[in-house]
1. Which order do GLU96, GLU112 fall in if you start with the one that has the fewest other Cβ atoms within 10 Å?
2. Seen from all sides and averaged, what is the projected area of the convex hull of the Cα atoms in the stretch 27-76, in nm²?
3. Give me, ordered by chain and number, the residues 5 or more places off ILE71 or on other chains with an amide H under 5 Å from its own placed amide H.
4. For LYS56, LYS26, what's the fewest-to-most ordering of other Cβ within 10 Å of each Cβ?
5. Arrange the following residues from fewest to most other Cβ atoms within 10 Å of their Cβ: LEU87, LEU20.
6. To the nearest 500 deg cm²/dmol, what mean residue ellipticity at 222 nm is calculated for the chain from DSSP H runs of n ≥ 4 alone, each contributing -39,500 (n - 2.57), summed and divided by the residues?
7. Can you spot the lysines whose alpha carbon is less than 26 Å from LYS47's alpha carbon? Ignore those fewer than 8 places along the same chain.
8. Rank SER86, GLN12, SER59 by how far each Cα sits towards the positive end of the charge dipole of the chain (+1 on Lys, Arg Cβ; -1 on Asp, Glu Cβ) and give me just the farthest.
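All of the numbers you see were taken from the coordinates with simple rules; none came from a lab. On a predicted model such as this, the values are computed, not experimentally measured, just so you know. Cβ sites come from the backbone with ideal geometry, for glycine too, and all protein chains shown count toward neighbours.
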Amino acid sequence: MFADYIEKANFQDTGFSYTLSLISGKYKMVILYCLMEFQVVRYNELKRYIRTISHKTLSAALKELERDGLIRRKEYPQIPPKVEYSLSEKGGSLMEILDQLCVWGEQHRPAE
């Protein structure tokens, strides 16, 4: 079925390609998964959860996810600034797929 789907359209015009474009990158799926687990998360909390991510990479990924409508950014007018991130409805609709990736990984991960 997938091969037929690809043959009918240019790969770049497929839903699969669009989905990959939204979640591609080393950390986007991890960020989405953190937001699914913890609901509302501040920037520094995300940084602590994803220890290996740089500030620049986290900031860029958050901006892209917000631009693509997968997360919401809520800024509070106070000093020091307070910003919270959460999944948008569109981002929440991806969680079943990400959850299935986790299930697959648990079933197929080599024994240690």
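1. Result, fewest neighbours first: GLU112, GLU96.
2. So the Cα hull casts an average projection of 3.3 nm².
3. Close amide H contacts, sequence-distant or interchain: GLU66, SER88.
4. Ascending number of Cβ neighbours within 10 Å: LYS56, LYS26.
5. Listed from fewest to most nearby Cβ atoms, that is LEU20, LEU87.
6. Roughly -16500 deg cm²/dmol at 222 nm, from the helical runs in the chain.
7. Within reach: LYS26, LYS28, LYS56, LYS63, LYS74, LYS82, LYS90.
8. Selected residue: SER59.
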